[in-house]
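The values are calculated or read from the model by the stated rules, or taken from the named source; none is laboratory data. Just so you know, these numbers come straight off a predicted model, no measurement behind them. Cβ coordinates were reconstructed from backbone atoms using ideal geometry, including for glycine residues, and neighbour counts include every protein chain displayed. Quick note on the areas: whole protein, heavy atoms, side chains included, nothing else; ligands and nucleic acids left out. Shrake-Rupley method; radii C 1.70, N 1.55, O 1.52, S 1.80 Å.
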Amino acid sequence: MNTRTVTSVGERAIGAIGSGFAPELGERYSQLKAEILKPEHYEALEESWKRLLTELDSEIEAIAAEGSNFIPQVEFNAIESNSNTIPDEYKKLLKERGCLIIRGVYSQEQALNWKKDFVDYLKSHPGLTGHPKGSPSNWFVHWSRTQVEARSHPRTIQLMKAVGKVYENDDPDALVDMSSQVVYPDRLRVRQPGKQVTLNLHVDSSSIERWEDPSYREVYKEIFEGEWEKWDPYQIAKRPAGVQDLYNGATNNGSTCSVFRAFQGWVALSHSKCGEGTIRFLPNMRTAIPYLLLRPFFWKDDGKLEFQSSKFPGATPGSGQLLAHDPGLFPHLKHDKSVVGIPYVNPGDFVLWHADLLHEVDRNHAGNMDSSVCFIAHTPLCPYNINTLKDSNRSFLDGSKPADFVYELQYGPCESSFEDRGQSKDVLSVDGKRALGLEKFDVDEPGLTAGQKKIRELANEALFSKE
Ligand SMILES: [Fe+2]
């Protein structure tokens, strides 16, 4: 059974999905609306919508007042010296704003060497290509030495363990291990000045599935019951069960993906500032997702629930969730005020954002140097991600395309015949080897919950048991 799906899409072709037009999806989806909301909650939902619009507006004003400074930043040293835990004040900001820049995770020299090595790899294999077609910045490359090293670097592992603690787990039996990672072999961006890229405001990790899949919908239970203030985006127990690609990427536009990510992120491989081809956030967790999820029910803007239409604005089955700039779709988001570019980043800084955070990419790159990043998500070990672990192990060993990226073969080669691609010797840590299925997870580590121990056993069984 294929239980995989989802997305993210570091920076895949999601911008090509469409514009602000919200089509009727058909009768099944209007029925879905009626299934999601229960009559006993209708009154509370209409009241909650009013409160939500007021609070959203207030939070957008707070973002607009500070601009890029609203994006929190912390030094990696401060995490290290705090028992490898994000200090409380920054953890609070990350929870509220859904994003965090971690300064100096790697030395600038290390990050620049990684970029140089990657560019050399591209030069050695001129057939490699990427997106946009003809003038790529997001390269269809998954197993360069740079990527293999960066994903497994001891400081990457250290960072992922620290950020994994930001989520709470109220179920010790939950089959999720936030301190163990699975490699999701995403791509790498080297974007030259002057290049235009269309990657409009969107949220990763699926689209219609947040409403349609019962397990995924359960993550947002409080929102659908008229109590969005009680929703906690940082409860992990229910999240990994959500099916994030019910349609297996049916639109084949590369905007879905098949892994559960607690956070998406990248390490900067260049100096880059706002307006120079980098990322922009709507840095709010508390109200933006409730707004997105309730918007299909308040489509008429009269404050009353409606179930007749089958519109789910921005959601296209088989595609990623797009929040178009068209104010007709999401007028209350006030895109021009609420979405801000990140502050200046240096090579070796890490940018992290929650799976539910709205983000986009600078359309233009007005700088005079490349804007380069290596995508590395926080991808915890859980049943859903064991599929990814097996696939990444296969793809790493033979250099073929990872499952989510097979469609790239219509544009260029895989890396199977490249002898200079990343090999086992380039995996820089034991945890990095585990994340690629090259070494067993430690089931006897002190302090594991029952669920952590069990999921490690399941992963070991899936990777290492003899048929
Ligand atoms: Fe994205």
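Loop-located chymotrypsin sites (Phe, Trp or Tyr not before Pro) across segment 393-467 with a Cβ neighbour count of 16 or fewer within 10 Å are Y411, with loop assigned by DSSP. Toward the positive end of the charge dipole of segment 13-464, with +1 on the Cβ of Lys and Arg and -1 on the Cβ of Asp and Glu, the farthest Cα among P233, V219, T198 is that of T198.
Just how far, in whole angstrom, is segment 261-297 from segment 73-150 if you go by their alpha carbon centroids? Taking the Cα centre of each part, segment 73-150 and segment 261-297 sit 16 Å apart.
Here segment 41-117 exposes an accessible surface that is 46 percent carbon and sulfur, computed with a 1.4 Å probe and the other protein chains kept in place.
Once backbone amide H atoms are built at 1.01 Å from N, D356 has no partners under 5 Å, excluding neighbours fewer than 5 places away on the same chain.
Compute the label zone of K165 within segment 101-121: residues whose backbone N is under 14 Å from the point 7 Å along Cα-to-Cβ. Under cut-off, by backbone N: nothing. Surface analysis of the chain yields an accessible area of 37 Å² per residue, using protein heavy atoms and a 1.4 Å probe.
The N82 and D336 beta-carbon pair, evaluated with R₀ = 35 Å, returns a calculated FRET efficiency of approximately 0.40.
Find, among the trypsin sites (Lys or Arg not before Pro) in segment 430-467, those assigned to loop by DSSP (not H, G, I, E, B) with at most 11 other beta-carbon atoms within 10 angstrom.
Values: sites: K433, R434, K440, K453, K454, R456, K466; in loops: K440, K466.
When the trypsin sites (Lys or Arg not before Pro) of segment 430-467 are filtered for loop state and at most 11 Cβ neighbours within 10 Å, K466 remain.
Suppose the chain between E457 and K230 were pulled fully straight at 0.36 nm per residue; how much longer would it get relative to their current alpha carbon spacing?
78.3 nm
Here's how it looks for S372: its modeled amide H is under 5 Å from those of R191, L269, S270, which are all 5 or more places away or on a different chain.
With the convex hull constructed from alpha-carbon coordinates only, segment 96-164 shows a mean projected area of 6.2 nm² over all directions.
Probe radius 1.4 Å, ligands and nucleic acids ignored: give me the carbon and sulfur share of the accessible area of segment 265-397 as a rounded percent. Could the numbers behind the result be given before it?
Details: 1780 of 3470 Å².
Answer for segment 265-397: carbon and sulfur cover 51 percent of the accessible area.
Residue by residue, segment 402-411 carries 3J(HN,Hα) couplings of x, 3, 6, 10, 4, 4, 5, 4, 6, 10 Hz when phi is fed to the Karplus relation 6.51 cos²θ - 1.76 cosθ + 1.60 (θ = phi - 60°); x denotes Gly or Pro. Taking amide H as placed 1.01 Å from N in the peptide plane, the amide H of D245 sits under 5 Å from that of T5, V6, each at least 5 places away or on another chain. What the phi angles of segment 371-382 give under the Karplus curve with 6.51, -1.76 and 1.60, with θ = phi - 60°, is a coupling list of 10, 10, 9, 10, 6, 9, 8, 8, 10, x, 6, 7 Hz, glycine and proline written as x.
Straight-line reach from K38: taking Cα to Cα under 17 Å and skipping same-chain neighbours fewer than 8 places apart, the aspartates and glutamates in range are E46, E47, E212, D213, E218, E222, E225, E227, E306.
Can you give the FRET efficiency for N346 and Q410, using 1/(1 + (r/R0)^6), R0 = 25 Å, r = Cβ-Cβ distance, to the nearest 0.05?
Working: r = 37 Å, r/R0 = 1.47.
Working from the Cβ atoms, E equals 0.10.
Pairs over the 31 Å Cα-Cα cut-off, from the set K33/K453; K221/K433; K165/K304; K337/K390; K50/K92: K33/K453; K221/K433; K165/K304; K337/K390.
Rounded to the nearest percent, how much of the accessible area of segment 132-225 (1.4 Å probe, protein heavy atoms only) is carbon and sulfur?
On the way: 1280 of 2680 Å².
Carbon-and-sulfur percentage of accessible area, whole number: 48.
Taking Cα atoms only, the orientation of helix 383-398 departs from the longest principal axis of the chain by about 30 degrees. Between Q423 and E66, the contour length at 0.36 nm per residue exceeds the Cα-Cα span by 124.0 nm. Which residues in segment 24-58 have a backbone N closer than 17 Å to a point placed 7 Å from the Cα of S309 along the Cα-to-Cβ line? Answer for this model: 24-34. Secondary-structure-derived ellipticity at 222 nm for the chain, considering helices only, amounts to -9000 deg cm²/dmol, per-run term -39500 (n - 2.57) for DSSP H runs with n ≥ 4.
If you take the alpha carbon radius of gyration of the chain and divide it by 2.2 N^0.38 Å, what ratio comes out, to two decimals?
On the way: Rg = 21.1 Å, N = 467, 2.2 N^0.38 = 22.7 Å.
The reported ratio for this selection is 0.93.
Go through 241-247, 128-134 and give me the packing order, highest mean Cβ count within 10 Å leading. Could you put the intermediate results ahead of the total?
On the way: 241-247: 21.9, 128-134: 16.3.
Packing proxy ranking, top to bottom: 241-247, 128-134.
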